[in-house]
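Have a look at the structure below before the remarks.
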Amino acid sequence: MAQLIKVNGETIDVTPTNNTNFTLEELQKYVGGIIQIIGTKSKKLMIINEEGKLFNLKKNNKATKLYEYGSEDMVVGDVLIIDENQIL
């Protein structure tokens, strides 16, 4: 199961429409724009808005703590945490 982590700290379990893997359109909808894929400390994939910092999206504290380089950089906007096999 994937998790949507919102900037307010709320975590919501989500499932791909086809119950297997997310389409590009679904990923873009969850993060509100063009996607970028980064790693987490637990080796899952984090889907973020590639232009989030350019658009001055709010810092996502919860996601930043999970980000593999969270001590050196921050994550902004809503993010989706997925397993590698949930993306085409």
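The values are calculated or read from the model by the stated rules, or taken from the named source; none is laboratory data. Since the model is a prediction, treat every value here as computed from it, not as a measurement. We place every Cβ from the backbone using ideal geometry, glycine too, and count neighbours over all the protein chains shown. Only protein heavy atoms, including side chains, enter the accessible area calculation; ligands, DNA and RNA are left aside. Shrake-Rupley method; radii C 1.70, N 1.55, O 1.52, S 1.80 Å.
Couple of notes before you dig in:
- Being over 10 Å from the mean Cα position of the chain (by Cα), at pLDDT 95 or above and open to solvent by 60 Å² or more (accessible area, probe 1.4 Å) is a property that does not hold for Glu72.
- Filtering the range 49-68 to residues that are surrounded by 13 or more Cβ atoms within 10 Å (Cβ to Cβ) and either in contact with a helix residue (DSSP H, G or I) (Cβ under 6 Å, 6 or more places away or on another chain) or aromatic (Phe, Trp, Tyr) (or both) leaves Asn49, Tyr67.
- Residue pairs meeting the criteria (Cβ under 8 Å; at least 6 apart or on separate chains; first more than 11 Å from Phe22 (Cα to Cα) and in contact (Cβ under 8 Å) with a residue 24 or more places away in the chain, in the range 69-88; second open to solvent by 100 Å² or more (accessible area, probe 1.4 Å) and charged (D, E, K, R)): Gly70/Lys41; Val76/Lys53; Val76/Lys58; Gly77/Lys58
- Flag if Asn8 is at pLDDT 95 or above and either within 13 Å of Ile87 (Cα to Cα) or open to solvent by less than 70 Å² (accessible area, probe 1.4 Å) (or both): no
- Scanning the range 11-48 for residues that are open to solvent by 70 Å² or more (accessible area, probe 1.4 Å), of a type in the set (A, V, I, L, M) and either more than 20 Å from Glu68 (Cβ to Cβ) or over 10 Å from the mean Cα position of the chain (by Cα) (or both) gives Leu24, Ile34.
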